[in-house]
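Notes for the one structure printed next.
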């Protein structure tokens, strides 16, 4: 017979970690079989001793270790996780550890950003001849985890939310300017359909709310008159592209500068074919929600990228020059980074706790194109479908990690989220990590390989023991 | 329903001293899914293995956990025993409670608790282990050798002598490579052609070797044991079967061009045989130098301005319409022996190489020394044919020079320079010879003795120093250098200067791309492991021989050639190749075709699979694993965002179950035991 579940401890009674007397930390070590596992064997053959807290899991290669396994280990109650493999150049599979180095560098940044105590997650290179190093690493890791105390269930606290975005000096483009662009856009779209260059045009049409355009699918030249262009054209229409078939003609889409970046991502990942696509780039002075300029627009000049087949832009001098301002998301990230890991964890748990798992973030994301999502995979179950701290945290982490090096910051997810979770900050943080570490900015070059499919021999590894 | 047996070994005192094995066995009995457990002093002993086998039969076990030493030691033993008792070997796993438990944790309670936890996790792993059978790959019993130099020749002969057919592809009109150009070889000073040409003839007469000269590999498809290779046989415009090698055509040909075989120091005709002992011994019409215009590279000449060779050819062997031919061969193994060339860079120009005709490189000097060379073996300088009185040899002209040349040591120059000095002195007793060197590296059998003998007996000045430039003054070359031992500047007159240029790779991007094998920073082909797998490459079934991998002298090149041949034969001698079944597995039902898996695979094991509808139109392009090539690293599995790639033998289901078994029950989660295999056992709850 099932016993009733014990009360879930809350943040207050879990309190600062107060280990029970005799408490032993539980450290899971995921190691590769060729180097670290053999190094740990050598420590044994050499009769060295180290803390018994560590339990080894043997993998063929660090390249096999999905960062989500770490999330899983924490879910299952590990107090600390160690990932260890071969030194660069020693990999039995030549480069598995170099791929792992990039993945885990990115993943570690994510974990730290959501407030996982850095003392709980460690990485090392230990070769088959480094029995003594293995002992040193285990001692160091166990001591750090012991200091961090028993892992406790996450609990939310709303107090550390980032401050509101700074005021913008920019003003919406004038109605005349927008009107002129809209007319030009209608003409271009009409001609494309008339000449049968395109058989469908994805654009914006008038919706029921005054400041919000809705997506429109135009297939006849006369319908082109329904197209609108104003500062309410929020949607990233590229989300529809992979599943829109043009038949005989191409699929044309109205794209802003930010949308083009996701189209580039889709081209890179072979979800679109350039020759089946006709991009109508429209000059954009930013999209507004009431009197608030969208965060992603602040640092964007809105010009039409060269990738577009046709540019719809203002002729002659423009009434207002677009002033590029600092991205307010960066200020919010900077704020969160000033907090202690615990406070950051509480903030993010507070965010994740509101998640209702509606997956709207996934539905609107152009790069979440998988037909079936890992979140729906069972046997084995990667992510608990339960709407609780465990399931919500796992979902939000996997979503963010899957977009690392790919997300172009269109913020469609954050806009769609009914719980107003700051998904944009998670995405933006990882984009900056990828840019800083791998010198890669997503959505710029369709011929470029995604950063997590590549590596450089000299990728930074300051986080690896 | 899983029926797992757990066998806890005491390993005498080794485990038993700190881990209470009987307690671990008792604990194991309570893990859901285990139906049998036992402890025993030595399970690896014959009686121990018998207990295991009997338990498998008697209790109809579906999985076995041997809690003992490291799997690196006895996994094959126990998997073998389990296999003999009728279990799939992959359903037997080891729990390492010796190296990673009893030997490293002195506290009995801690060690026993940890052993229980390791056993629990391993039981969960075995419960979910699939029965795997080795991947069987048919093998085409034929080898391809690319390059007909001494390494390629040796490899071809070694493979062919085991009875396997060999296709030997050579780019030039004749076999022989650089070795055929050499006058004598160090340290024995035996004639190079005298030892090489018998091998060339043996290759051409060997019933198992097909020699394709004037040919290049264009395309390599397939994988280990099953390569399909396209080879372009360039037109020689002379039908080999008709040519009698009489040489009448050469006399008739009006067009003279520098002879590559003599390093451009002599002339040949547009129709030619590279050297008298060439194999095959037929003439070749050099389409680029013949007076007849060639409009289309694949279908012979179009406009005939000169037919003199054809007119004098009695057997009518000349065919101006001969097209290139592309032949296809199926092979199981490939040996790459494309050799080396000398690299002339900035340091060479400073020494006057390429500027003054009397500054020659090592291979040019070989031809000047050779009895079959342009001077008939008399050493005369190229500019005016005068016999030199002062000869200066300069070592490391670009080698060991990371800034302006190559950082590595070219390995052969110290030895061939000593040989050059010896041969020069034998021919011209009174010549003054000076060698500028950095260090003399003579690490080979009989090498140091040879250098010492030359330096002592041949009255040569070995000067430790560097040369800054070679200039021409009053009709004579002047070598400006510095003696680095004394620090003094030196100026030496010279009639002939021999520079030791770096040995570099023959960069052939197309070949490298076709073979899918990487090159190192300098362009040499990369071996799989610098020490332990020096002839294998990243692509299974492709092996390296000779200077294509790194600078090598003849003995080392031949040695590696035989090693590559032996590796090839190892592969070709099996009718079916057995590969580990622990490979990536793709469920392509939900593959979205982003091909990030393909991008990260180092082995080219992932292919694009086009799924077509009934009318043959492509509906989807999805990823597919070729299990014959997959090495089972699992790097691809992590790229797949919706989890369609798993790794046999280390599945995600197994990993999650192990993680669950290792952790304590997190607070707030239920800790109810279920008796089916869905609920992982938690060690911490029970000990």
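The values are calculated or read from the model by the stated rules, or taken from the named source; none is laboratory data. All of these numbers come straight from a predicted model, not from anything done at the bench. Every residue, glycine as well, gets a Cβ built from its backbone with ideal geometry; the counts of neighbours run over all protein chains shown.
Here are some notes:
- Verdict on residue A:346 being touching a residue at least 60 places away in the same chain (Cβ under 8 Å), more than 30 Å from residue B:653 (Cα to Cα) and not in a loop (DSSP other than H, G, I, E, B): yes
- For the stretch A:270-286, the tally of residues that are out of contact with any strand residue (DSSP E or B) (no Cβ under 8 Å at 6 or more places or on another chain) and buried (at least 21 other Cβ atoms within 10 Å of the Cβ) stands at 3.
- Inside the stretch A:404-435, residues that are at positive phi and crowded, with 16+ Cβ neighbours inside 10 Å make up a count of 3.
- Close pairs from the stretch B:569-581: first surrounded by 15 or more Cβ atoms within 10 Å (Cβ to Cβ), partner part of a strand (DSSP E or B), Cβ under 7 Å, at least 6 apart: B:571/B:333; B:571/B:577; B:572/B:143; B:572/B:333; B:577/B:137; B:579/B:135; B:579/B:137; B:581/B:135
- Residue B:514 meets the conditions (1) farther than 24 Å from residue B:605 by Cβ; (2) touching a strand residue (DSSP E or B) at 6+ places or on another chain (Cβ under 6 Å) in every case but one. The failed one is (1).
- The residue that is modelled with the lowest pLDDT, counting only those in the stretch A:16-30 that are crowded, with 22+ Cβ neighbours inside 10 Å and facing another protein chain (nearest Cβ under 10 Å), is A:26.
- Residues considered: A:365, A:410. Of these, the only one that is within 13 Å of chain B (Cβ to nearest Cβ), within 29 Å of residue B:621 (Cβ to Cβ) and in contact (Cβ under 8 Å) with a residue 60 or more places away in the chain is A:365.
- If you go through the stretch A:39-56 and pick out every residue that is within 7 Å of chain B (Cβ to nearest Cβ), under 40 Å from the mean Cα position of the chain (by Cα) and assigned to a loop (DSSP other than H, G, I, E, B), you end up with 2.
- Filter result (within 22 Å of residue A:59 (Cβ to Cβ), part of a helix (DSSP H, G or I), more than 12 Å from chain A (Cβ to nearest Cβ) and touching a strand residue (DSSP E or B) at 6+ places or on another chain (Cβ under 9 Å)) within the stretch B:75-114: B:78, B:79, B:91
- When every residue of the stretch B:308-319 is checked against the conditions, none turns out to be in a loop (DSSP other than H, G, I, E, B) and within 37 Å of the chain's Cα centre (by Cα).
- Restricting the stretch A:436-458 to residues that are under 14 Å from the mean Cα position of the chain (by Cα) and over 22 Å from residue A:306 (Cα atoms), the residue that is surrounded by the most Cβ atoms within 10 Å (Cβ to Cβ) is A:452.
- Selection status of residue A:169, farther than 25 Å from residue A:408 by Cα, touching a residue at least 60 places away in the same chain (Cβ under 8 Å) and either within 31 Å of the chain's Cα centre (by Cα) or not in a strand (DSSP E or B) (or both): no
- Among the candidates B:612, B:608, residue that is farther than 19 Å from residue B:628 by Cα and in contact with a strand residue (DSSP E or B) (Cβ under 8 Å, 6 or more places away or on another chain): B:612
Let's see how each residue does on (1) under 21 Å from residue A:29 (Cβ atoms); (2) away from chain B (no Cβ under 14 Å); (3) surrounded by fewer than 17 Cβ atoms within 10 Å (Cβ to Cβ):
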residue: A:103; (1), (2), (3): yes, no, no
residue: A:118; (1), (2), (3): yes, yes, yes
residue: A:143; (1), (2), (3): yes, yes, yes
residue: A:164; (1), (2), (3): no, yes, yes
residue: A:168; (1), (2), (3): no, yes, no
residue: A:181; (1), (2), (3): no, yes, no
residue: A:186; (1), (2), (3): no, yes, no
residue: A:192; (1), (2), (3): no, yes, no
residue: A:202; (1), (2), (3): no, yes, no
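- Exclusive hit being under 26 Å from residue B:649 (Cα atoms) and without any contact (Cβ under 8 Å) to a residue 12 or more places away in the chain, set B:49, B:72: B:72
- Only one of B:421, B:467, B:490, B:435 that is under 23 Å from residue B:178 (Cα atoms) and surrounded by 13 or more Cβ atoms within 10 Å (Cβ to Cβ): B:421
- The single condition among (1) surrounded by fewer than 24 Cβ atoms within 10 Å (Cβ to Cβ); (2) within 7 Å of chain B (Cβ to nearest Cβ); (3) in contact with a strand residue (DSSP E or B) (Cβ under 6 Å, 6 or more places away or on another chain) that residue A:61 does not satisfy is (1).
- Residue match in the stretch B:53-65 (condition: closer than 28 Å to residue A:35 by Cα, more than 14 Å from chain A (Cβ to nearest Cβ), touching a residue at least 40 places away in the same chain (Cβ under 8 Å) and not in a loop (DSSP other than H, G, I, E, B)): yes
- The residues listed here are A:380, A:326; of these, the one that is over 25 Å from residue A:262 (Cα atoms) and either modelled with pLDDT under 90 or within 14 Å of chain B (Cβ to nearest Cβ) (or both) is A:380.
- In the stretch A:68-83, of all residues being in a helix (DSSP H, G or I) and more than 8 Å from chain B (Cβ to nearest Cβ), the one that is nearest to residue A:122 (Cα to Cα) corresponds to A:70.
- Any hit, the stretch B:211-218, residues being under 30 Å from residue B:580 (Cα atoms) and touching a residue at least 40 places away in the same chain (Cβ under 8 Å): no
- Of all residues in the stretch A:235-254, those satisfying the criterion of being assigned to a loop (DSSP other than H, G, I, E, B) and modelled with pLDDT under 90 are A:244, A:245, A:246, A:247, A:248, A:249.
- Within the stretch B:449-460, the set of residues being surrounded by 15 or more Cβ atoms within 10 Å (Cβ to Cβ) and either at pLDDT 90 or above or outside any loop (DSSP other than H, G, I, E, B) (or both) comprises B:450, B:451, B:454, B:455, B:460.
- Filtering the stretch B:525-568 to residues that are touching a helix residue (DSSP H, G or I) at 6+ places or on another chain (Cβ under 7 Å), over 20 Å from residue B:159 (Cα atoms) and buried (at least 20 other Cβ atoms within 10 Å of the Cβ) leaves B:525, B:552.
- Out of B:442, B:433, one residue alone is at pLDDT 90 or above, outside any strand (DSSP E or B) and in contact with a helix residue (DSSP H, G or I) (Cβ under 6 Å, 6 or more places away or on another chain). It is B:442.
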